[in-house]
Amino acid sequence: MQYITFKDRNLAYKKLEGKGPTVVFFSGFMSDMEGSKALALEEFCSARGQAYVRFDYSGHGKSSGDFKDGTIGAWAEDAAAIMDQVTSGDLILVGSSMGGWIGLLCALKRKERVKGFVGLAAAPDFTRELCWDLYSDEIKETLRQDGVYYEACDYGDDPYPMTMKLLEEGNDHLLLNREIDLDCPVRLIQGMRDPDVPAITAQRICAALKSDDVIITYVKNGDHRLSTAADLKRLCQIVKELSGKLA
């Protein structure tokens, strides 16, 4: 495990040295760099001698900080700091769920370096569209009074602490209400049985992207995790195609 210091945060990462372009994995909400997709990509990149980085946002995994202090903007800053301090040259960004949103934000900040983007159940704007807009009046009142709402989670024992700070700050980074000014190739993988991110989200991302080189892969029985053996094989093949000849 290695760390960089960014502002007051110690950000944990693991780097695999190799040829470029470097693959960078962006994990999801309350997830970390030890997930099956992150590890499968590391194994894949290692086998072909390709550089690879996985990391934890502040308040996640091995990085410092309290999760409840986090925001989309802060986590995007963390990710950009990892890109700037840990990698060099061309990049392929891979984002899962919330990581798809943060990965797109980082791609927009470093357009000259990003040669391809892969979104897995990518969830831009989820704080507004999949949280606040769907919350009952009772939940909204809890957030206004307490500043936090603990939402049941299907992916672990602990509930998600949804903070008013996270929800409000997310509005500063919405992407689906404007053109996403990326020209690089983009590949979106979306499960048709995803209970968390509507399947149409991939189409909305595609429509917003400036790039014409966008392909959506729908997985008929795919869930939100997209972590079956077939899912992981598909992901690695797409990364290989986007990477082209290793330099």
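The values are calculated or read from the model by the stated rules, or taken from the named source; none is laboratory data. Source: prediction; values computed, not measured. Note that we place each Cβ from the backbone using ideal geometry, even for glycine, and neighbour counts take in every protein chain shown.
Of the residues making up segment 233-242, those that are of a type in the set (A, V, I, L, M) and either more than 16 Å from the chain's Cα centre (by Cα) or more than 13 Å from Lys37 (Cβ to Cβ) (or both) are Ile238, Leu242.
Residues of segment 56-115 that are closer than 19 Å to Leu209 by Cα and in a loop (DSSP other than H, G, I, E, B): Ser97, Arg110, Lys111, Glu112, Arg113.
Among the residues making up segment 136-195, those that are among the aliphatic types (A, V, I, L, M) and closer than 30 Å to Val239 by Cα are Leu174, Leu175, Leu176, Ile180, Leu182, Val186, Leu188, Ile189, Met192.
Quick grid of which residues meet (1) assigned to a loop (DSSP other than H, G, I, E, B); (2) under 18 Å from Ser27 (Cα atoms); (3) in contact with a Lys or Arg (Cβ under 6 Å, 6 or more places away or on another chain):
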position	(1), (2), (3)
Glu168	no, no, no
Leu175	yes, no, no
Asp196	yes, yes, no
Ala207	no, no, no
Ile215	no, no, yes
Lys245	yes, no, no
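If the condition is being surrounded by fewer than 17 Cβ atoms within 10 Å (Cβ to Cβ), touching a residue at least 60 places away in the same chain (Cβ under 8 Å) and assigned to a helix (DSSP H, G or I), then segment 117-160 contributes only Leu130.
With respect to the conditions (1) touching a strand residue (DSSP E or B) at 6+ places or on another chain (Cβ under 6 Å); (2) at pLDDT 95 or above; (3) within 25 Å of Leu41 (Cβ to Cβ), Ala208 lacks only one, and its number is (3).
Note on segment 1-55: enclosed strands (runs of 3 or more DSSP E) holding 1 or more residues that are crowded, with 21+ Cβ neighbours inside 10 Å and at pLDDT 95 or above are 9-16, 19-26, 50-55.
Of all residues in segment 80-106, those that are free of Cβ contacts under 8 Å to residues at least 40 places away in the same chain have Cβ atoms under 7 Å from Cβ atoms of residues that are crowded, with 20+ Cβ neighbours inside 10 Å and not small (Gly, Ala, Ser), 6 or more apart or on another chain, in Ala80/Cys106.
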